[in-house]
Amino acid sequence: MASEKFTQGMERLAESAADVASQADALAAQAAALVAPAAPAASGGTTFVMLFTIFVLAVFVGYYVVWNVTPALHSPLMSVTNAISSVIIVGALIAAGPADWHLSKVFGFVAVALASVNIFGGFIVTQRMLQMFKKKK
Amino acid sequence: MSQNTAAFLYLISSVLFVLALRGLSSPTTARQGNLFGIVGMVIAVATTLAMPNVLSYTTILVAVLIGGTAGTFIALRIQMTALPQLVAAFHSLVGLAAVFVAGAAFYAPEAYGLGAPGAIAAGSLVEMSLGTAIGAITFTGSIIAFGKLQGLITGKPLVFFGQHFVNLALGIGLVVLIVWFATAQPALGFWAIVLISLLLGVLLIVPIGGADMPVVISMLNSYSGWAACGIGFTLSNPALIITGALVGSSGAILSYIMCKGMNRSFFSVILGGFGGETDAAAMDLGDRTVKSGSAADASFIMENAASVIIVPGYGMAVAQAQHALREMADLLKSKGVTVRYAIHPVAGRMPGHMNVLLAEANVPYDEVLELDEINRDFPSNDVAFVIGANDVTNPSAKTDPTSPIYGMPILDVERSGTVLFVKRSLASGYAGVDNPLFYRDNTMMLFGDAKQMCEGIIKALE
């Protein structure tokens, strides 16, 4: 009896979820239609504003997350932020990507190597540090 | 892979990076956090490798192997006492990588969708030059910080007449160059920006004294993040922008915490000229007397105490005394003494340095407490054992408004029943301030090397 009611409830929930999903689809399509003509016309400005929005929000996320880091782990925090800031390798890989050699590919090669030192070194040294933090037996 | 898929995967890796930092809120979740960070990095790299214009996998593999091997080797070999210099060295690499990526974008803008060489949008050029400038400053600044921490360059602040004017002139020159570069986009402009920024990085860090390094190293951490951000804007890559912003704000918060721990403004640290290692072996004692004791005296006092609070500082790291110290604490604990550790925010040469060294010596992290957690317990504490710390225990920070460290939050060790102070000589700390604690009735100085003193106490306890 109870389980029957439960299944019915779940079915209704699923239906309404599907409803919401299709509405969201429609909304997305509308939004896309709205943006599509505007985008090519003002791509420089719009892209910058969008990226800047992401930037400001990310600074806020960083601010609140980092204040929650316990002071005892400030050294691992530095080494792990060091490792993740090497995500700059993304730009380096694109530069090193083309098949034929020219100046920018050389730059890319060097940057990939430099960022790799950091990625491997940063994560490993963080792991080494964190491994040492143990509770009282 | 479509652009949307790529953007989605970059978003996932950014979220994983946030979770990596989130994990550090407690030692129990931290290792999982680090794993999130690694997965995030793998996703970001794999996404980029799957892009249609990334073709030469062999070249990339060679570069990753060279860098990865070097990084792994260094990270596995480094001693925990040398952690600050390692982090400084790693910062310099991020800075240099940013310069190279910006250079690549300038010489082959079509690869990044920035247009043709010589016809890059002014906005992109400004973003590019900001990334380059911050990257180059981070590079040389970190190298100088590394040199100071490693002892290759004197830890004393190097100041010369008109220093700030030179820096100001270079800063203005940099802005003018960026404007010129963004309007006419000459290759010469790019390299001039690099050159001036490299010089500026050296000049900015040179006047800052060795013991202000916790602030400097956090600040450079922040810069490396902003450099990544600048490159992220150039390449219109949200993952780079988000990560750069996370790192940038993290470093900024750490610098703020360090400055607060010293009661100094960020600008006074940056302008430099403060402190420097004083070598004065003996000070004019006047009519004040110092009580000094031996390892045997110290062991007797601590053995008969109910509670001991250990206050470690940079001197402990220099003497590599953390293992002997933990052994001493274990012996005391086996004799029924309660032992805890008190860490000042600026103890050591980088944020959290003491915690890592104690963890390395197998001290459980729940015995290690921060200033505001333990400061109230000193009045009810029997013995404070100060080892390698000095200025952070100086009571004149509370009582003497003329003292250079007045207002700095300190550990109230003098309120304990007895203070045991391990020190090589009566020389003042880096702030060049005499510590009245040495001359108090309830203080006993234990002159000698921190490690040898701990070993001596261990022998006496056994």
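Could you give the radius of gyration (one decimal) and Dmax (whole number) of the Cα atoms in region B:129-200, in Å?
14.1, 44
Would you mind classifying region B:47-126 by shape? Square roots of the alpha carbon gyration tensor eigenvalues, ordered a ≥ b ≥ c; an a/c under 1.5 is rounded, otherwise it is prolate if a/b is larger than b/c and oblate if not.
Since a/c reaches 1.5 but b/c is at least a/b, the shape of region B:47-126 is classed as oblate.
Once the cut-off is 18 Å, how many percent of the Cα-Cα pairs in region B:6-81 end up in the long-distance tail?
The share of Cα pairs beyond 18 Å in region B:6-81 comes to 58 percent.
Scan chain B and report its longest stretch carrying no chymotrypsin sites (Phe, Trp or Tyr not before Pro) that are both in a DSSP loop and have at most 13 other Cβ atoms within 10 Å.
Result, exposed sites excluded: B:162-462.
In deg cm²/dmol, rounded to 500, what helix-only [θ] at 222 nm does the protein assembly as shown give when every DSSP H run of at least 4 residues adds -39500 (n - 2.57) and the total is split over its residues?
After summing the helix terms and dividing by the residues of the protein assembly as shown, the value is -21500 deg cm²/dmol.
Describe numerically, in nm with one decimal, the distance between label points set 7 Å from Cα along Cα→Cβ at B:Arg31 and at B:Lys291.
4.6
Mind checking B:13-26 for the average number of partner chain beta-carbons within 10 Å of each residue's beta-carbon?
6
Relative contact order, percent, of region B:313-462 when contacts are C-alpha pairs under 8 Å separated by at least 6 residues?
The value is 27 percent.
Can you work out the FRET efficiency for the pair B:Ala121 and A:Trp67, with r the C-beta to C-beta distance and R0 = 35 Å, to the nearest 0.05?
Efficiency, rounded to the nearest 0.05: 0.40.
Using alpha-carbon positions, what is the distance between the centroids of region B:142-166 and region B:446-462, in Å?
36
Please list, by residue number, everything in region B:108-137 whose backbone N is under 12 Å from a paramagnetic label point 7 Å out along Cα→Cβ of A:His102.
B:108-112, B:116-118
Using only atoms on other chains, find how many Cβ atoms lie within 10 Å of each Cβ of peptide B:83-90 and report the average.
For peptide B:83-90, the averaged partner shielding equals 5.
DSSP loop (so not H, G, I, E, B), at most 13 other Cβ within 10 Å: list which chymotrypsin sites (Phe, Trp or Tyr not before Pro) in region A:40-137 pass both filters.
The qualifying sites are A:Trp101.
Among B:Thr402, A:Val65, B:Ile74, pick out the residue whose Cα is farthest towards the positive end of the charge dipole of the protein assembly as shown, where Lys and Arg carry +1 and Asp and Glu carry -1 on C-beta, about the Cα centre.
Comparing the listed Cα positions along the dipole, B:Ile74 ranks first.
Assuming a viscosity of 1.306 mPa s and a temperature of 10 °C, what translational diffusion coefficient in µm² per second does Stokes-Einstein assign to chain B, Rh being the Kirkwood radius over Cα pairs?
Reported coefficient: 65 µm²/s.
Calculate the spin-label point distance for B:Ala306 paired with B:Ser268, positioning each point 7 Å from the Cα along the beta-carbon direction, and give it in nanometres.
Distance between label points: 4.0 nm.
For the pairs B:Lys291/B:Lys423; B:Lys335/B:Lys459; B:Lys398/B:Lys423; B:Lys291/B:Lys333, note any where the Cα-Cα span goes beyond 20 Å.
The answer is B:Lys398/B:Lys423; B:Lys291/B:Lys333.
Mind sorting A:Ser85, B:Ser268, B:Ser14 by how few other Cβ atoms lie within 10 Å of their own Cβ, fewest first?
So the residues, fewest neighbours to most, are B:Ser268, B:Ser14, A:Ser85.
Within 10 Å of each Cβ of A:97-107, how many other protein chain Cβ atoms are there on average?
Mean inter-chain Cβ contacts per residue within 10 Å come to 6.
Show me, bin by bin at 10 Å from 0, the whole-percent P(r) of region A:45-137 based on Cα pairs.
14, 28, 32, 19, 6, 1
Per residue, what volume in Å³ does the Cα convex hull of region B:375-425 take up?
In region B:375-425, the Cα convex hull volume per residue is 80 Å³.
I need B:Ser250, B:Ser299, B:Ser197, B:Ser380 ordered by Cβ neighbour count within 10 Å, fewest first.
Arranged by neighbour count, lowest to highest, B:Ser250, B:Ser299, B:Ser197, B:Ser380 become B:Ser380, B:Ser299, B:Ser197, B:Ser250.
What's the percent breakdown of Cα-Cα distances in region B:348-462 across 10 Å bins, shortest bin first?
It works out to 12, 40, 40, 7, 0, in whole percents.
Please give me the summed charge of the neighbours of B:Ser396: other residues whose Cβ is under 11 Å from its Cβ, Lys and Arg +1, Asp and Glu -1.
Local net charge: -3.
Between B:Ala7 and B:Ala187, with labels modelled 7 Å along Cα→Cβ, what's the label distance in nm to one decimal, could you check?
Calculated label separation equals 3.5 nm.
If you count, for each residue, the other Cβ atoms within 10 Å and average over each peptide, how do B:234-247, B:38-51 line up from highest to lowest?
So the order, starting with the most tightly packed, is B:234-247, B:38-51.
Using only the Cα atoms, what convex hull volume per residue in Å³ does region B:99-224 have?
Roughly 100 Å³ of hull volume per residue.
Please report, in debye to the nearest 20, how large the charge dipole of the protein assembly as shown is about its Cα centre when each Lys and Arg carries +1 at its beta carbon and each Asp and Glu carries -1 there.
So the dipole magnitude of the protein assembly as shown works out to roughly 480 debye.
Whole number please: convex hull volume per residue of the Cα set in the protein assembly as shown, in Å³?
Cα-based convex hull of the protein assembly as shown, divided per residue, equals 187 Å³.
Just so you know, all these numbers are worked out from the coordinates, no wet-lab data involved. Only a predicted model underlies this, so the values are computations on that prediction, with no experimental measurement involved. Cβ coordinates were reconstructed from backbone atoms using ideal geometry, including for glycine residues, and neighbour counts include every protein chain displayed.
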